[in-house]
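See below for the structure under consideration.
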Amino acid sequence: MNTYRIAVLPGDGIGPEVTDATMCVLNAVGLRAEYIYGDIGWAYWQQEGNALPERTIELLKTCDAALLGAITSKPASDAEIELSAELRGQGLIYRSPVVQLRQVLELDTAVRPCRSYPGLRDAAGGQADIVVFRENTEGLYGGIEWRGIPEQLAGELAHPDRGHPGAMQRFRDIGLDQVALSTRFVSEPGCERVCRRAFAYAAEHGRKRVSLLDKPNVLRETGVVMAEAFSRVADEYPWIEAEQLNIDAACMNLVLHPQHFDVIVAENMFGDIVSDLVAGLTGGIGFAPSANIGEHFAVFEPTHGSAPDIAGRGVANPVAAIRSAAMLAAWLGEAEIAGHIDSAVLAAVTDGVVNTPDVVGAGVSGTTESVTTEIMNYIIASRSTQ
């Protein structure tokens, strides 16, 4: 039986609370692993000027996978103010540690499953079972931005064959130093990789439809690259229905007809937005797990953020983090352990014992500890009957 080496990155806000809950469940289910805790989050930015210390990257390189709790990210202006006094004015630039993890470790695909649970009131009327595949390292979140457009770049952007002369003239009239620019970049290999993972998942799990959500009629270069990659991969899976939808119309139809959607694939920003929409349709962000997957490594985390407004109160819903641990077990090849966790969560939600304040209609304000204990009890009971 394998013994795995798992990095545990609690983060901040409610991250340590849901991480502790997840560790209790992993211990109850009997995953054989060595857990090594690492540093990540806002406190390390404040104290060291780096929210993802190099020592944490080195730790991850020695592990099989990682669990991440939640981390706080703030705008650059707040980041500078909250640095310790001795670090201010040194030109340190805050970067999201989660984005860094995805890029440094080449975790190019995010997988975010959301499903309706029996007995849980949700906006999808109990009819949704959707898995979102999000390209994780490119797109508008790729991190290539300018505050003030450099003159050399302005010249390129004004080129009549590959730029937008009218817009650049307007920016020059305003003043290039008063304009901010973010770029959306995609690559053919990156687009094809996420599409291939989406179709492979659909084939393996008996899913019948894969939907690409983008906006190629407006984003005419980047959108077309994604659309062409999607079509190439779809041709290899003729038994799976493939459709391409504009992101805005698709969001409307997700609300009106959630049962239509099965597997969704999207670039980075669109995938981020639509996965939160799907989570909202199926009970809320407290139930939504995710995996950041590369060729040889993966980081598993709840979709929710650090929720500083409830941190320390003991009322965070641990289900998203616990379901992320089930995804970790499945990725490691421990299907039985993943099944135990998923079955326990299903039983707990169906029986109404997941009753933290975020759960619509729960009627009772449960705690992180009480929900975790109930899920552990289901696991212990199911294992004792084997």
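FYI, it's all coordinate maths here, none of it is from the lab. Computed from a predicted structure; not experimentally measured. Virtual Cβ from ideal backbone geometry, glycine too; neighbours counted across all protein chains shown.
Amide H to amide H distances under 5 Å link R95 with A51, where only residues 5 or more positions off or on other chains count and H is placed in the peptide plane.
Per residue and in cubic angstrom, what volume does the convex hull of the Cα atoms of region 234-333 have?
Numbers: hull volume 15.0 nm³, N = 100.
Cα convex hull per residue, to the nearest whole number: 150 Å³.
The ellipsoid equivalent to the alpha-carbon distribution of region 154-292 has semi-axes of 33, 19, 13 angstrom, derived from the gyration tensor eigenvalues as √(5λ) and listed largest first.
Among P289, N377, V25, pick out the residue whose Cα is farthest towards the positive end of the charge dipole of the chain, where Lys and Arg carry +1 and Asp and Glu carry -1 on C-beta, about the Cα centre. The one lying farthest along the dipole's positive direction is N377. Averaging the sequence gap over all C-alpha pairs within less than 8 Å and six or more residues apart, then dividing by the number of residues, gives the chain a relative contact order of 22 percent. Computed from backbone phi with θ = phi - 60° and the Karplus coefficients 6.51, -1.76 and 1.60, the 3J(HN,Hα) list for region 347-361 is 5, 5, 5, 4, 7, x, 8, 8, 9, 5, x, 6, 7, 5, x Hz; x is used for glycine and proline.
Dipole orientation for the chain: of the candidates T222, G280, Q103, G280 has the Cα lying most toward the positive pole (charges on Cβ; Lys, Arg +1; Asp, Glu -1).
For region 296-313, backbone phi angles converted through the Karplus equation (6.51, -1.76, 1.60; θ = phi - 60°) give residue-by-residue couplings of 10, 8, 8, 10, 10, 8, x, 5, 5, x, 7, 6, x, 5, 10, 4, x, 8 Hz, Gly and Pro being listed as x. Under a 5 Å amide H cut-off, with hydrogens placed 1.01 Å from N, A298 pairs with A66 among residues at least 5 apart or on other chains. Taking P318, P53, P113 in turn, the Gaussian network model of the chain (Cα-Cα springs below 10 Å) assigns the largest fluctuation to P53.
Counted residue by residue at 0.36 nm each, then reduced by the alpha carbon distance between them, the extension gain from S182 to A200 reaches 3.3 nm. Per residue, the chain reaches -12500 deg cm²/dmol at 222 nm when only DSSP H runs of four or more residues are counted, each adding -39500 (n - 2.57).
Taking θ as phi - 60° and the Karplus parameters 6.51, -1.76 and 1.60, the scalar couplings of region 184-189 work out to 10, 10, 9, 10, 4, x Hz in sequence order, x denoting glycine and proline. Could you work out which residue, out of I93, I240, I375, moves most in a Gaussian network model of the chain, that is, has the largest mean-square fluctuation with Cα springs under 10 Å? Residue with maximal mean-square fluctuation among I93, I240, I375: I93. Taking amide H as placed 1.01 Å from N in the peptide plane, the amide H of V8 sits under 5 Å from that of I36, Y37, G38, L67, each at least 5 places away or on another chain.
Of all the C-alpha pairs in the chain, what % are more than 37 Å from each other?
Everything past 37 Å amounts to 24 percent.
Relative to the 2.2 N^0.38 Å rule of thumb, region 298-346 has a C-alpha radius of gyration ratio of 1.29. Look at W45, W331, W239 and count the other Cβ atoms within 10 Å of each Cβ; fewest to most, that gives W239, W331, W45.
Cα centroids of region 163-188 and region 30-67: how far apart, whole angstrom? Result: 37 Å between the Cα centres.
As a calculated quantity, the FRET efficiency between Q169 and E86 at R0 = 45 Å, using C-beta atoms, amounts to about 0.50.
Peptide packing: for 212-222, 77-87, 129-139, the average count of neighbouring Cβ atoms within 10 Å per residue gives the ranking 129-139, 212-222, 77-87, highest mean first. Pair-distance distribution of region 2-145: all C-alpha pairs, bin width 10 Å, starting at 0; shares per bin in whole percent are 10, 30, 35, 19, 6, 0. State to the nearest 20 debye the size of the charge dipole of the chain about its Cα centre, where the only charges are +1 on K and R beta carbons and -1 on D and E beta carbons. Around 420 debye, computed over the chain.
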